[in-house]
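Peer 1: Below is a structure I'd like to ask you about.
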Amino acid sequence: MEKSLVDKVALVTGGASGIGQATARLFAREGAKVAIADIQIELGRETVDQIQQAGGEAVFFECDVSKSGDVEALVNNCVDTFGQLDCAFNNAGILGEMGKTADCTEANYDRLMSVNLKGIWLAMKYEIRLMLKQGHGVIVNTASNAGMTGQPKLPVYGATKAGIVQLTRTAALEYAREGLRINCVNPGLVWTPMVQRQTVDNMEAVEKFTEEQPIGRLGKPEEIGEAVVWLCSDAASYVTGHAMNVDGGVLA
């Protein structure tokens, strides 16, 4: 089968683990050169090693997506290394502390907004500027089904994810006639380190989560990654401004 991203360069933030790591591997599988960005240095480098051992080409850059200087340097370093940037998967994000709206601390609010929402906006800001110069580019942001419906005990997390959906839609409209496509994915409950930390030693919680999924199981990181890769490929050339639910039917 012909690879869909040969001669392309893909950037993945939050690429050291979970959905980001799985997507980075899939980008490489499809022939793309991959730049992986994360604050988890060792895991990021391990992911690069895995891609290289599989015959792919990848590089790691340390980056805190909440810091403008880090994100601008990341995009510049990607271009300095590979000469271009065709696809960007803005995936870095955190869950924050769980609790009802009135119990949320200001520190938790600020941290979630800074990483999840500001981090996506900063990434888009510098990626779009570069892609406009190139005359082409595809961006996919990680939102969540928590941004599409109310999620008790995750008020600010849900707000950041809803904000990502709106950033995505707005930017998609702004740059649709300039060669850019911008979409987002809304993952449901996926078996990632983030979820594993919430359910450690609690099989009852895992069973409850599983029962709540219409498809009868939790998602796999690779299943989100496959959707991202498709959105970045020419097969999705007429798709922009779309918030794609990849959630096993929860929002249905």
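The values are calculated or read from the model by the stated rules, or taken from the named source; none is laboratory data. These figures come from a predicted structure and were not determined experimentally. Note: ideal-geometry Cβ built from the backbone for every residue, glycine included; neighbour counts use all protein chains shown.
Peer 1: Looking at region 69-96 only, could you name the residues that are in contact with a Ser or Thr (Cβ under 7 Å, 6 or more places away or on another chain) and of a type outside the set (Gly, Ala, Ser)? Please lay out each step first, then the result.
Peer 2: Just the residues of region 69-96 that are in contact with a Ser or Thr (Cβ under 7 Å, 6 or more places away or on another chain), to begin with: 89-93.
PHE89, ASN90, ASN91 - these are the residues of region 69-96 that are in contact with a Ser or Thr (Cβ under 7 Å, 6 or more places away or on another chain) and of a type outside the set (Gly, Ala, Ser).
Peer 1: Filter region 60-108 for residues that are among the small types (Gly, Ala, Ser) and either over 27 Å from VAL138 (Cβ atoms) or not in a strand (DSSP E or B) (or both) and give the result. Working first, answer last.
Peer 2: Within region 60-108, the subset among the small types (Gly, Ala, Ser) is 66, 68-69, 73, 83, 88, 92-93, 96, 99, 102, 107.
Across region 60-108, the qualifying residues are SER66, SER68, GLY69, ALA73, GLY83, ALA92, GLY93, GLY96, GLY99, ALA102, ALA107.
Peer 1: Only one residue in MET124, MET131, MET113 is assigned to a helix (DSSP H, G or I), touching a Gly at 6+ places or on another chain (Cβ under 7 Å) and either surrounded by 15 or more Cβ atoms within 10 Å (Cβ to Cβ) or not hydrophobic (A, V, I, L, M, F, W, C) (or both), so which one is that? Give the steps one after another, and end with the answer.
Peer 2: Values: MET124 fails: touching a Gly at 6+ places or on another chain (Cβ under 7 Å); MET113 fails: touching a Gly at 6+ places or on another chain (Cβ under 7 Å).
Checking each option against the conditions leaves just MET131.
Peer 1: What's the total number of residues in region 171-226 that are closer than 22 Å to ASP86 by Cβ and among the hydroxyl-bearing types (Ser, Thr, Tyr)?
Peer 2: 1
Peer 1: Another question about this same structure. Hey, VAL206 hits all of (1) surrounded by fewer than 19 Cβ atoms within 10 Å (Cβ to Cβ); (2) at pLDDT 95 or above; (3) over 14 Å from ALA143 (Cα atoms) but one; which does it fall short on?
Peer 2: It is condition (2) that VAL206 fails.
Peer 1: Quick one: what pairs do we get from region 36-55, first residue more than 19 Å from ASN116 (Cα to Cα), second part of a helix (DSSP H, G or I) and among the aliphatic types (A, V, I, L, M), C-beta under 8 Å, 6+ apart or different chains?
Peer 2: Note: pairs meeting the criteria are THR47/ALA24; ILE51/ALA24; ILE51/ALA28; ALA54/ALA28.
Peer 1: Can you tell me which residues in region 231-252 are assigned to a loop (DSSP other than H, G, I, E, B), closer than 17 Å to THR170 by Cα and in contact (Cβ under 8 Å) with a residue 12 or more places away in the chain?
Peer 2: To start, the set of residues in region 231-252 that are assigned to a loop (DSSP other than H, G, I, E, B) comprises 233, 237-242, 247-252.
Remaining after also requiring closer than 17 Å to THR170 by Cα: 238-242.
Selection gives VAL239, THR240, GLY241, HIS242.
Peer 1: Turning to a different aspect of this structure: So which of ASP80, ASP38 is of a type outside the set (A, V, I, L, M), within 25 Å of ARG129 (Cβ to Cβ) and out of contact with any strand residue (DSSP E or B) (no Cβ under 8 Å at 6 or more places or on another chain)? Can you show your working first?
Peer 2: Numbers: ASP38 fails: out of contact with any strand residue (DSSP E or B) (no Cβ under 8 Å at 6 or more places or on another chain).
None of the other options fit; the residue is ASP80.
Peer 1: Does region 1-15 hold any residues that are in a loop (DSSP other than H, G, I, E, B) and touching a Cys at 6+ places or on another chain (Cβ under 9 Å), and which are they?
Peer 2: Within region 1-15, SER4, LEU5, LYS8 qualify.
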